[in-house]
């Protein structure tokens with residue numbers, strides 16, 4: 001498999017941060033990491049962990065989906081505040097919509113950033129996405145996300161997720177939480193899910209679903225990759 005080029009996630013994060021008028025230090029304080037790490041992520045010198053990426057997108061009030069788009073910059077609503085608060089009409093959360101106005105829409109109408117591409121089939125991510133056309137995002141701590149598709153105007157992250165041996169959603173061992181509802185199905189390997197105060201071992205064929213605001217963490221304690229299909233969507 002030869003995935004498509006990785007999306008310029010760091011550059012998108014920097015673009016949105018500057019558009020919101022947020023300093024490196026302010027974003028770092030909001031996320032709970034160092035300003036140096038944010039700088040390294042923005043310049044592509046370091047990759048964020050799953051938990052850090054969700055924390056950044058939540059703080060900036062943009063979607064994971066917006067970061068994956070390889071052809072257009074993430075759209076930032078001027079109504080968003082420097083604290084990362086979304087306008088009331090926008091879907092909220094790491095998997096929600098990236099604020100933007102589609103061509104022909106009334107001023108102030110907030111729609112999905114990719115909705116503008118709906119009229120151009122060449123810019124849809126689907127309906128068929130061969131393995132070699134997937135956008136792959138290599139994250140810290142041995143995690144790889146591959147975007148399996150996208151329908152413009154929807155608020156769904158549709159991903160194949162791989163946790164390499166020893167991989168985890170948080171290198172520090174901390175639990176993450178983010179807006180949205182999460183559904184996962186493990187196809188191979190084993191994955192340990194910490195959900196609140198409970199711990200579950202997922203094996204091939206096992207499925208999970210929960211509100212993503214519940215503190216959680218994934219890790220692979222095995223010696224083979226754990227691979228599954230995950231859906232995360234905003235339901236607000």
(message) What's the total number of residues in the stretch 167-195 that are over 23 Å from residue 61 (Cα atoms) and in contact with a strand residue (DSSP E or B) (Cβ under 8 Å, 6 or more places away or on another chain)?
(response) 15
(request) Taking residue 232 as the residue in question, decide whether it is modelled with pLDDT under 95, under 18 Å from residue 159 (Cα atoms) and under 23 Å from the mean Cα position of the chain (by Cα). (result) yes
(request) Please go through the stretch 36-60 and pick out each residue that is surrounded by 15 or more Cβ atoms within 10 Å (Cβ to Cβ) and either out of contact with any strand residue (DSSP E or B) (no Cβ under 9 Å at 6 or more places or on another chain) or at positive phi (or both). (result) 37, 38, 39, 40, 41, 42, 46, 56, 57, 58, 59, 60
(message) Could you tell me how many of the residues in the stretch 156-169 are surrounded by fewer than 20 Cβ atoms within 10 Å (Cβ to Cβ) and part of a loop (DSSP other than H, G, I, E, B)?
(response) 3
(message) Quick check on this structure: which one of 205, 153, 149, 189 is touching a helix residue (DSSP H, G or I) at 6+ places or on another chain (Cβ under 7 Å), over 20 Å from residue 52 (Cα atoms) and either at pLDDT 90 or above or not assigned by TED's automatic domain parsing to the domain that holds residue 64 (or both)?
(response) 153
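Sort through 219, 177, 203 and tell me the only one that's under 23 Å from residue 156 (Cβ atoms) and touching a residue at least 12 places away in the same chain (Cβ under 8 Å).
Only one candidate qualifies: 177.
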(message) residue 63 - would you say it is loosely packed, with under 15 Cβ neighbours inside 10 Å and at pLDDT below 90?
(response) no
(message) Are there strands (runs of 3 or more DSSP E) fully within the stretch 185-236 with at least 1 residues that are surrounded by fewer than 18 Cβ atoms within 10 Å (Cβ to Cβ)? List them.
(response) 191-195, 198-202, 207-211, 226-233
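The values are calculated or read from the model by the stated rules, or taken from the named source; none is laboratory data. Everything quoted here is computed from the prediction, not taken from an experiment. Note that each Cβ is placed from the backbone with ideal geometry, even for glycine, and that neighbours are counted across all protein chains shown.
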